[in-house]
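Report on the structure given below.
The values are calculated or read from the model by the stated rules, or taken from the named source; none is laboratory data. All of these numbers come straight from a predicted model, not from anything done at the bench. With ideal geometry, Cβ positions are generated from the backbone for all residues, glycine too; neighbour counts draw on all protein chains shown.
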Amino acid sequence: MTTATEEKTGLGAFGGVYTPSILTILGVIMYLRFGWVVGNVGLLGTLAIVTLSTGITFLTALSISAIATDRVVRAGGAYYMISRSLGIETGGAVGIPLYFAQALSVALYTLGFAESLAATFPFFNQTYVALAVTILVAILAITSANIAIRTQYFIMAAIALSLLSLLFGKSLEPTVIEMWTNKGEPFWAVFAVFFPAVTGIMAGVNMSGDLREPSKAIPWGTLGAIGTGYIIYMGLPVILAMRADAITLREEPLIMEQMALFGPSILVGVWGATLSSAIGSILGAPRVLQALARDGVLPRWMSFLGQGTGKTDEPRIGTAVTLVVSVAAVCIGDLNIIAPVLTMFFLTTYMVLNVSAGIEGFLQSPSFRPSFRVHWLLSLLGAVGCLAVMFLINPIATIVAAIIVLGIYSWLQQRELIATWGDVRRGIWMALLRIGIFQVGHKEDIKNWRPHVLVLSGIPRKRWSLIELADAFTHNRGLVTVSSILPSGSRNMAQQGELELTIRDYLERRGVQALVRVVTAPNPFEGGQQLVETYGLGTIVPNTILLGDSEDPKRREQYCTMLASIHNAKRSLVILRENHEYGFGKRQRIDIWWGGLQANGSLMILLADLLRSAEFWRNTEIYLKLVVPDDTAAQAAQTNLDTLIRALRIRAFPQVIIAQGRSFDEILQTSSQDADLIFLGMAQPEVTDAYMEYYERMQARTSGLPTTLLVLAAPDFPFEEVLTEQ
């Protein structure tokens, strides 16, 4: 019942994201400062500012879209995204400045409203009007938050009419278009004043808790608003430059009113835009504050700020606090002072959002599978662009902002890092390693799970396929340990160390980054059990054991005993049954024989998807195969598989096979004969004798097939949650 209500009342991409975003983009800066921008830097300078500003915002919007389509984005907007990607400390370090940026935005818009009103009716005092309007929008937010949403379409219509009135307006004076001028304010100072005009994307993101489908609404609503705003902002400077000279543009804030076909339409547009933007900010800022308080980012005595009121959980206390901050900013009374401060706050937020998406994309964690994919280099470019622009605008303010963010971060961490190392390079890595080991915790994190593989390979040259497979699974982002088990007494400790160095050099020459472990044991099977029991550093232990098949019937009992021991140690098992004639074939087709999302099924999908991210497997197609008894079951199974693949955000092709009286072994041999790699799940070990018989049946089942991986997932680990993590 709740879900139905949410679907009925939730906002879509147009009403919940596009409209509030475009209303904020086409706001006070456009109406009251765009002429000033053109007058100060000329037509080409203005177009450059618009393009650079929109470029940074566009890259940030791509990063936001990637994050929003990977997980459910709840109340708190950008703060929620950052805190769930980079941790609560980083989220808080940016979220607190973001809150103040939103609160100061209220003052920016009410001052813009007051300035335009005072310019039209000189008997009004600008500061008093701004104060009164600030208080009124706060009261409106507390008592009737839905009014902004209901009236935003009328305001957008008013803005559209004002722009049409300007388009068909008149020239004020004969003018020569100044393509570039250095007579006014410096370029970067003008950029700082203009940049808040394109920060409207936060208006849509801040509504994340009220959206029907944030993962769809945020990307398309945000990108649509940015595109619309860019087209308008590239056209307006041409109109302004053609109709008035630079001096007039700099000195007349309401120059658009004089140019328009119907002057009052500009006033209606600016009043509607400023008021709607002010209401949007007074709605967004308290929700960020509420999320900060609820996450424990703020001091304990400020936890009351996390309280909500009524069925809609309105942050009325947070709104009252935001009103105080906004009133203080209004008392400053100068748009040109407030706008650069907002620029720094928003650029900081944008930079960290880009860093969040960039790190997630670079690490390629199996749980990070956004349906809106953005290359991590684009996110990095957005972050670098934000930082560069901050320094170009005001290096001192940038350093101060960095100190504030780092100070908040350190305060949230509540710890000191003392440099105690001698050699700088090794000392830094050792310190980071020590911190990392103690920070990862004692339980495997579902969100950041990836295979850390222990390869029971023996001499690498003889079983290179195992090492190649482990390297492809981890893709230099997980740990691979190549192990070799020698007969007891064949090497002393020093000789084992020398052999480890030799193997490591061999792996490096072949381009594989891996740890190496050589041990001695009475036989390979006892040595394998010994490694699984003892190998690791603190909580960092291999979670996946990769080994070859055992073809010798005399040693099968020991082999199956080892498999049972590894399974009981709660490690995942992957057994390679290699077709030595074909190897991995053309690496273009992987067949996964599907038995459900639980355990083996989820692990097989994860491993296949990780394999496809490796260089030599990038053109691979994954087929999810399911056997059903008849046509009736086939239709339902096909629908279920289609739904599953869409939900998991993994590129795979479902294939439902009707048994028609055939055995599974017969279907397997026929259907996967042309595959390059086959994934098959295994049953859990129970009685050793019975498991030997089961394993022999598995060997017979896969005889003559292409290279096959037999997969047995670690017990009690929720691999399906890694796939479905939101």
Item to complete: Give the residue, chosen from 587, 555, that is surrounded by fewer than 18 Cβ atoms within 10 Å (Cβ to Cβ) and not in a strand (DSSP E or B).
Response: 555
Worksheet item: Is the range 165-174 home to any residue that is buried (at least 19 other Cβ atoms within 10 Å of the Cβ) and assigned to a loop (DSSP other than H, G, I, E, B)?
Response: yes
Worksheet item: With (1) modelled with pLDDT under 85; (2) over 20 Å from the mean Cα position of the chain (by Cα) as the list, and residue 206 as the residue in question, which single condition is left unmet?
Response: (2)
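Is it the case that the range 131-141 has a residue that's at pLDDT below 80 and in contact with a Pro (Cβ under 9 Å, 6 or more places away or on another chain)? Let's see the steps before the verdict.
At the first step, the residues of the range 131-141 found to be at pLDDT below 80 are 140-141.
Subsequent filtering for residues that are in contact with a Pro (Cβ under 9 Å, 6 or more places away or on another chain) retains 141.
Yes.
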Worksheet item: Within the range 74-121, can you find the residues that are surrounded by fewer than 24 Cβ atoms within 10 Å (Cβ to Cβ), among the aliphatic types (A, V, I, L, M), in contact (Cβ under 8 Å) with a residue 24 or more places away in the chain and over 20 Å from residue 282 (Cβ atoms)?
Response: 86, 88, 119
Worksheet item: How about the range 570-604: which of its residues are within 22 Å of residue 532 (Cβ to Cβ), modelled with pLDDT of 90 or more and hydrophobic (A, V, I, L, M, F, W, C)?
Response: 573, 574, 575, 576, 603, 604
Worksheet item: Given the conditions (1) β-branched (Val, Ile, Thr); (2) modelled with pLDDT of 80 or more; (3) farther than 22 Å from residue 322 by Cα, which single one is not true for residue 73?
Response: (2)
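What's the total number of residues in the range 531-544 that are in contact (Cβ under 8 Å) with a residue 40 or more places away in the chain, surrounded by fewer than 17 Cβ atoms within 10 Å (Cβ to Cβ) and on the phi < 0 side of the Ramachandran plot?
At the first step, the residues of the range 531-544 found to be in contact (Cβ under 8 Å) with a residue 40 or more places away in the chain are 531-532, 535, 537-544.
Right, trim to surrounded by fewer than 17 Cβ atoms within 10 Å (Cβ to Cβ) and you get 535, 537-540.
Within this subset, residues satisfying the condition of being on the phi < 0 side of the Ramachandran plot are 535, 537, 539-540.
Count: 4.
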Worksheet, complete the sentence: Matching residues in the range 498-552 (touching a Phe, Trp or Tyr at 6+ places or on another chain (Cβ under 7 Å) and under 18 Å from residue 488 (Cβ atoms)) number 2
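Return the only residue of 46, 51 being of a type in the set (Ser, Thr, Tyr), modelled with pLDDT of 75 or more and surrounded by 23 or more Cβ atoms within 10 Å (Cβ to Cβ). Working first, answer last.
Details: 51 fails: surrounded by 23 or more Cβ atoms within 10 Å (Cβ to Cβ).
Unique residue meeting the criteria: 46.
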Worksheet item: Say we look at the range 645-690 and pick out the residues that are surrounded by fewer than 17 Cβ atoms within 10 Å (Cβ to Cβ) and among the acidic types (Asp, Glu); which of these is farthest from residue 612 (Cα to Cα)?
Response: 689
Discussion item. Take the residues in the range 610-630 that are part of a loop (DSSP other than H, G, I, E, B) and over 21 Å from residue 595 (Cα atoms); name whichever of them is nearest to the chain's Cα centre (by Cα).
Written reply: 613
Worksheet, complete the sentence: Residue pairs qualifying under the 9 Å Cβ cut-off, at least six apart or on distinct chains, with the first in the range 592-615 being assigned by TED's automatic domain parsing to the domain that holds residue 668 and within 13 Å of residue 709 (Cα to Cα) and the second being part of a loop (DSSP other than H, G, I, E, B) and β-branched (Val, Ile, Thr), are 605/650; 608/620; 608/650; 611/620
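Pick from the range 564-573 the residues that are in contact with a helix residue (DSSP H, G or I) (Cβ under 7 Å, 6 or more places away or on another chain) and not small (Gly, Ala, Ser): which of them is surrounded by the most Cβ atoms within 10 Å (Cβ to Cβ)? Working first, answer last.
Within the range 564-573, the first condition is being in contact with a helix residue (DSSP H, G or I) (Cβ under 7 Å, 6 or more places away or on another chain), and the residues that meet it are 564-566, 569, 571-573.
Subset that is not small (Gly, Ala, Ser): 566, 571, 573.
Values: 566: 24, 571: 21, 573: 21.
For the range 564-573, the residue satisfying everything is 566.
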Fill in: Residues located in the range 456-514, provided they are in a helix (DSSP H, G or I), among the β-branched types (Val, Ile, Thr) and under 26 Å from residue 587 (Cβ atoms)
467, 474, 503
Discussion item. For the list (1) more than 30 Å from the chain's Cα centre (by Cα); (2) buried (at least 22 other Cβ atoms within 10 Å of the Cβ); (3) of a type in the set (A, V, I, L, M), I need the number of the one condition that residue 592 fails.
Written reply: (1)
Response to the item:
By my count, helices (runs of 4 or more DSSP H) wholly in the range 225-316 with at least 3 residues that are within 20 Å of residue 79 (Cβ to Cβ) and in contact (Cβ under 8 Å) with a residue 12 or more places away in the chain are 263-294
Worksheet item: Among 497, 538, 489, 478, which is the only one that is in contact with a Leu (Cβ under 9 Å, 6 or more places away or on another chain) and not hydrophobic (A, V, I, L, M, F, W, C)?
Response: 478
Worksheet item: Restricting attention to the range 440-456, does a residue exist that is at pLDDT 70 or above, out of contact with any Cys (no Cβ under 8 Å at 6 or more places or on another chain) and among the small types (Gly, Ala, Ser)?
Response: no
